[in-house]
């Protein structure tokens, strides 16, 4: 990758942010995906561009009241980002993010929360009834589910990494 003067990077980021915010201000998922792809495409930092892009993405989603986008398969994530970059079509990544954050993915969980709320199941734990309907329950359960998914993937990664280390040691 060739060196790019700071002013050029700054200008591309600022004009890109402005353009994207104006175009997608009514669609938070697409806005988040477009900002993510802009940062990945411009690559303004020596290290941490992907982490920065995902932080912006999830910050925008959460500020809109949407669940965070958890990327369970790193290869799939990288392949879709690369495809969007190659085709110069960021909406490819937007569709992927939309799938990850869609209500369909969490519809069953939402229904359980709605049932619990409607049947006063919160009284079982002797807690006051939530003020914001079943959404509080849903957000809490969603967070726990995402933590469990993350933990599962982290465990699998560590096991895979350990297996690879053992294989390397055997070869020596």
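The values are calculated or read from the model by the stated rules, or taken from the named source; none is laboratory data. Predicted model, so just to flag it, every value in this text is computed and none were measured. Cβ coordinates were reconstructed from backbone atoms using ideal geometry, including for glycine residues, and neighbour counts include every protein chain displayed.
Scanning region 45-73 for residues that are within 16 Å of residue 102 (Cβ to Cβ) and free of Cβ contacts under 8 Å to residues at least 12 places away in the same chain yields 62, 65. Scanning region 42-53 for residues being more than 14 Å from residue 94 (Cβ to Cβ), touching a helix residue (DSSP H, G or I) at 6+ places or on another chain (Cβ under 7 Å) and part of a helix (DSSP H, G or I) gives a total of 4. Considering (1) at pLDDT 90 or above; (2) assigned to a helix (DSSP H, G or I), the lone condition that residue 89 does not fulfil carries the number (2). Close Cβ contacts (under 9 Å, 6 or more residues apart or on different chains) running from residues in region 6-32 that are more than 17 Å from residue 62 (Cβ to Cβ) to residues that are at pLDDT below 85 and in a loop (DSSP other than H, G, I, E, B) comprise 12/4.
If the condition is being touching a helix residue (DSSP H, G or I) at 6+ places or on another chain (Cβ under 9 Å) and surrounded by fewer than 19 Cβ atoms within 10 Å (Cβ to Cβ), then region 25-41 contributes 25, 27, 28, 41.
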